[in-house]
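The values are calculated or read from the model by the stated rules, or taken from the named source; none is laboratory data. Note that the structure is a prediction, hence the values are computed from the model and not measured. No Cβ is skipped: glycine too gets one built from the backbone with ideal geometry, and neighbour counts run over all protein chains shown.
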Amino acid sequence: MGPLAGKNALTNKFLPESRISVSSRQRGRNGNFFVTRDVNVNTPRMPSAEDAATVDVMIGEHARLLSSQLQAMSEALFPPTSQKTLRRFTSGEAARLMGISDSTLRKMTLAGEGPQPDLTHSGRRLYTLSQINEIRALLAASARGRDAREFVPHRSGQEHLQVIAVTNFKGGSGKTTTSAHLAQYLALQGYRVLAVDLDPQASLSALLGVLPETDVGANQTLYAAIRYDEERRPLHEVVRKTYFDGLDLVPGNLELMEFEHMSPRALARGAHGDGSVFYLRIAEALGDVAERYDVVVIDCPPQLGYLTLSGLCAATSMTITIHPQMLDLASMSQFLLMTHDLLSVVREAGGRLQYDFIRYLVTRYEAQDGPQTKVVAFLRNLFGDHVLTNPMVKSTAISDAGLTKQTLYEIGRENMTRSTYDRAMEALDGVNGEIESLIKQAWGRVG
């Protein structure tokens, strides 16, 4: 059967009907999906007014309906036996990531130095990210006149672990998308990165190949390392490797809500199990794995609860995502006021709140939208350098990648309109490169 015709075909395939046919797909050489088998999925019957006597029954039916369809879609795109993998990089892409010329990389290959790339029928050389990191180590060991950290930018003993909390009070501001792309960008640059999904909705986990409903069991989220009872586990037992070399994950799911329920009980009892008060628990958990990583990226929940407060107290910096609309600005104002009040209480109770930087990131920005440009100008006038210079533009490239639970860093340029891809990638690299520069400044690195 021929390849599917882009996003519309994929979307229409999954339009809800009383009975739908979901097709399992596999990626072809050009990155498109091909149909390999059809599976009928029965849609649960919607309850009638007589059936749904109470709100909880109706909500439960809706939840099961949505969950079953999402699971069917997921199995169609990524069959249960498959594992998410990262694409390979061309020699030009690999050379740019390592900061060397393509000719230098070619000479190393011909001389048999480092891992050997795969060759396509047309003679193109393709490298995995793991191979790129191996070559980085070789370059760092034989650096001539260059700082070895240009190739392997790991922090030294004097440089503290960077913990970046990505947060906002309002959902839909691009918080999870920002977290995923930032974590992957830093891993592509050679940093050792830990992504922490603090949101019970677990969208970050899903983007990184871990389905919260099926792949994450009891006591396998961050809650395992911050809980108040005897089932508490060290964080290193919860951390998972991902398909992205250099990027590990602490997954999330609804179990994280237990921390919101148990923290007030522990405060009321004056008991904290084998640890300390709630706002120190994430910081203490991260201490178990701190030596393994350079940067931790925390995707915070879109509300100010015990989880978010503990995450903010563990952070060394904060990125606040903001969609440039007046309603979103009003919501962020409330978020900042509430954060101030709550963190003031934490500070008075002995919590340490010293950030290397706080930055506002404009997301889903449309430069041709007059009202949005006015809102952005308003933000820059108010907060000055605290607003990142680079906004994250609204792009169909990112939303298209999201259809298959992928990020733009995982999608090859050949799989979509190149001008759209290039524009979105330029914005992403601009935003993430700016945050990387702030990390280096916090470490005292020059240049």
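Annotations for the structure displayed:
- Residue identified as in contact with a Pro (Cβ under 8 Å, 6 or more places away or on another chain) and either surrounded by fewer than 17 Cβ atoms within 10 Å (Cβ to Cβ) or within 21 Å of residue 204 (Cα to Cα) (or both) among 403, 382, 428, 361: 361
- Hits in the stretch 209-238 - residues which are in a loop (DSSP other than H, G, I, E, B) and among the small types (Gly, Ala, Ser): 209, 217, 218
- Residue among 299, 288 that is at negative phi and surrounded by 23 or more Cβ atoms within 10 Å (Cβ to Cβ): 299
- Note on the stretch 134-179: residues that are surrounded by fewer than 20 Cβ atoms within 10 Å (Cβ to Cβ), in a loop (DSSP other than H, G, I, E, B), at pLDDT below 90 and out of contact with any His (no Cβ under 9 Å at 6 or more places or on another chain) total 10.
- Single residue of 330, 377, 367 found to be aliphatic (A, V, I, L, M), modelled with pLDDT under 90, in a helix (DSSP H, G or I) and closer than 22 Å to residue 178 by Cα: 330
- Scanning the stretch 132-145 for residues that are more than 13 Å from residue 188 (Cβ to Cβ) and either in contact with a helix residue (DSSP H, G or I) (Cβ under 8 Å, 6 or more places away or on another chain) or not polar (S, T, N, Q) (or both) yields 134, 135, 137, 138, 139, 140, 141, 143, 144, 145.
- Candidates 376, 346, 362: the one that is in contact (Cβ under 8 Å) with a residue 60 or more places away in the chain and among the β-branched types (Val, Ile, Thr) is 346.
- Residue 193 of a type in the set (A, V, I, L, M), more than 20 Å from residue 85 (Cβ to Cβ) and surrounded by 20 or more Cβ atoms within 10 Å (Cβ to Cβ): no
- Test result for residue 242, within 13 Å of residue 285 (Cβ to Cβ), of a type in the set (Ser, Thr, Tyr), at pLDDT 90 or above and in the same structural domain as residue 285 (by TED's automatic domain parsing): no
- Sole residue being within 30 Å of residue 285 (Cα to Cα), small (Gly, Ala, Ser) and in contact with a Pro (Cβ under 9 Å, 6 or more places away or on another chain), chosen from 305, 311: 311
- For residue 284, the test of being assigned to a helix (DSSP H, G or I), within 15 Å of residue 314 (Cα to Cα) and not aliphatic (A, V, I, L, M) is passed.
- In the stretch 121-133, the residue that is farthest from the chain's Cα centre (by Cα) out of those that are in a loop (DSSP other than H, G, I, E, B) and touching a residue at least 12 places away in the same chain (Cβ under 8 Å) is 124.
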